[in-house]
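Each value in this text was obtained by applying a stated rule to the coordinates, not by laboratory testing. All of these numbers come straight from a predicted model, not from anything done at the bench. Methodologically, a virtual Cβ is constructed for each residue, glycine included, from the backbone with ideal geometry; neighbour enumeration extends over all protein chains shown.
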Amino acid sequence: MRKSMNVRLSSPCPTPQTTQSALPSKPTTGRKARRFTPPCAVPAGSVWAEDLLPAQANNLYVFPAVGMAIYATQARRVTDEMFVESARAVADQMTMDQLDHGLLYPPQSNILETEVKTAARVAKVVFENKLARVERPSG
């Protein structure tokens, strides 16, 4: 992520969605840094005239993609490298605009595209490490 971001993050979903402290419209006062708690399902809001678009900080991205790759390749075993590559693949799909809006993950509206691209990168790791029990597809 950008090193210049001055945001305090709390995760995941420390308070129920219905409480005021979970809403982005209630900033912490007396601090120069923005504080944003990525909630479970809170709509976009505005804090100090800056739009923040929340994203879910849970297992929407890494585990499904790794599972898809393992299933498709019939991997002999699961390695840490698969999870590291999955995290990198998700991070590589972030745009500067999304980072500027405080997002930590790609938007859920692109979940299928994100998962397929991430799974493809994990499958590449499986094939490169000769862990697949199926032939590598051509192309």
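Give all pairs with beta carbons closer than 7 Å in which a residue from segment 114-139 that is acidic (D, E) meets a residue that is assigned to a helix (DSSP H, G or I); count only pairs at least 6 apart in sequence or on separate chains.
Listed by first residue and then by second, the contacts come to E115/P64; E115/A65; E115/M68.
Show the residue pairs that are 6+ apart or on different chains and have beta-carbon atoms under 9 Å apart, the first residue being within segment 82-94 and over 20 Å from K130 (Cβ atoms), the second being acidic (D, E) and surrounded by fewer than 15 Cβ atoms within 10 Å (Cβ to Cβ).
Q93/E113
Keeping to segment 57-86, report how many residues are crowded, with 16+ Cβ neighbours inside 10 Å and either on the phi > 0 side of the Ramachandran plot or of a type in the set (A, V, I, L, M, F, W, C) (or both).
12
Could you check segment 68-81 and list, in sequence order, the residues that are under 17 Å from V116 (Cβ atoms) and without any contact (Cβ under 8 Å) to a residue 40 or more places away in the chain?
Passing the criteria: only Y71.
Among the residues of segment 76-128, how many are under 12 Å from the mean Cα position of the chain (by Cα), assigned to a helix (DSSP H, G or I) and not charged (D, E, K, R)?
The number of residues fulfilling the criteria is 12.
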